[in-house]
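Engineer: Got a structure for you, questions after.
The values are calculated or read from the model by the stated rules, or taken from the named source; none is laboratory data. Every value quoted in this text rests on a predicted model; they were computed, and no experiment measured them. All Cβ positions, glycine included, derive from the backbone under ideal geometry; neighbour counts span all protein chains shown. Side chains are part of the model used for accessible areas, which takes the heavy atoms of the whole protein and leaves out ligands, DNA and RNA. Shrake-Rupley method; radii C 1.70, N 1.55, O 1.52, S 1.80 Å.
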Amino acid sequence: MTDFSPDPVDIRLPLGGLTFSVRVAILCVRNAQTPDACLLANTEDNLGFWYLPGGALGTGETSESCAAREWAEETGTPPGGMQLVGIVENHFGPPDSRAHEIGFFYRMEALAELPAESFPVLDNVNVRCEWIPLDELESRLVYPLNIDELLRVPAGEIRHWVVWDG
């Protein structure tokens with residue numbers, strides 16, 4: 001990790017009545033070329049939705065090093081080869097707590113060391129990772145809302161989206 005700041009701080013700021021943040025997330029797919037293909041996603045009890053492993057970019061940190069750090073912190077395994085596939089300007093949240101997030105999304109093939117069943121995130125006991133079959137993504141609420149488009153980005157390409165939720 002390249003770190004130009006002695007004490008990196010998450011890029012998450014209250015600005016003009018909303019929260020602005022920069023987030024990095026990993027699209028980890030298991031059995032990508034089979035009918036059993038699954039996406040790793042995080043959730044919490046009674047949350048009602050899923051989101052991708054990852055977290056806030058720190059000051060002085062590159063998005064790729066952040067993805068590797070977050071992956072290791074959450075799963076306890078080293079990351080596999082990652083490829084940036086998308087940048088999403090995400091606007092979301094209820095009227096009284098809107099958020100504007102810039103997200104960097106990296107694709108990574110699943111590693112053999114990951115459990116096949118649901119498992120806890122190592123750095124947050126309230127969060128668990130689950131494998132969601134790709135054919136169930138439309139029936140589950142998984143953020144960002146354009147997850148299916150991110151998964152379809154061809155190898156070697158990077159796409160940009162602006163997503164408005166509400």
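Engineer: How large is the helix-only mean residue ellipticity at 222 nm for the chain, computed as the sum of -39500 (n - 2.57) over DSSP H runs with n ≥ 4, divided by its residue count, in deg cm²/dmol to the nearest 500?
Structural biologist: Only helices count here, giving -3000 deg cm²/dmol.
Engineer: Still on this structure, please answer the following. Given a 1.4 Å probe, how much area per residue of the range 9-88 is accessible, in Å²?
Structural biologist: Heavy-atom SASA per residue in the range 9-88 reads 43 Å².
Engineer: Go ahead and run the numbers for FRET between L145 and E113, Cβ-Cβ distance against an R0 of 30 Å, rounding to 0.05.
Structural biologist: The pair L145/E113 has a calculated efficiency of 0.50.
Engineer: Is the range 1-120 best put as rounded, prolate or oblate by its Cα gyration tensor, with a ≥ b ≥ c the root eigenvalues, rounded for a/c under 1.5, and otherwise prolate when a/b is larger than b/c, oblate when not?
Structural biologist: Working: a/c = 1.97, a/b = 1.33, b/c = 1.48.
Judged from the Cα gyration tensor, the range 1-120 comes out oblate (a/c at least 1.5, b/c at or above a/b).
Engineer: May I pose another question? Given points 7 Å out from each Cα along the Cα-Cβ axis, report the E130 to E89 separation in nanometres with one decimal.
Structural biologist: Reported label-point gap for E130 and E89 is 3.3 nm.
Engineer: Once label points are set 7 Å from the Cα along Cα→Cβ at both F20 and Q33, what is their separation, rounded to one decimal in nm?
Structural biologist: 4.4
Engineer: In debye, nearest 20, what is the charge dipole magnitude of the range 34-101 about its Cα centre with +1 on Lys and Arg Cβ and -1 on Asp and Glu Cβ, if you could check?
Structural biologist: With Lys and Arg at +1 and Asp and Glu at -1, about 120 debye.
Engineer: Calculate the dipole size of the range 1-129 relative to its Cα centre from +1 charges on Lys and Arg beta carbons and -1 charges on Asp and Glu beta carbons; express the result in debye to the nearest 20.
Structural biologist: 280
Engineer: Could I ask something else about it? Putting +1 on Lys and Arg Cβ atoms and -1 on Asp and Glu Cβ atoms, find which of T34, P79, S65 reaches farthest to the positive end of the dipole of the chain.
Structural biologist: Positive-most Cα among the choices belongs to S65.
Engineer: List the chymotrypsin sites (Phe, Trp or Tyr not before Pro) within the range 30-69 that DSSP assigns to loop and that have no more than 16 neighbouring Cβ atoms inside 10 Å.
Structural biologist: Values: sites: F49, W50, Y51; in loops: F49.
Loop-located and lightly packed - F49.
Engineer: Ignoring ligands, DNA and RNA, what percent of the accessible area of the range 20-152 is carbon or sulfur (1.4 Å)?
Structural biologist: The C+S portion of the solvent-accessible surface of the range 20-152 is 53 percent.
Engineer: On to the next question. If the chain between W164 and E73 were fully stretched, how many nm would it gain, using 0.36 nm times the residue separation less the Cα-Cα distance?
Structural biologist: Numbers: separation 91, 0.36 × 91 = 32.76 nm, distance 2.96 nm.
Between W164 and E73, full extension yields an extra 29.8 nm.
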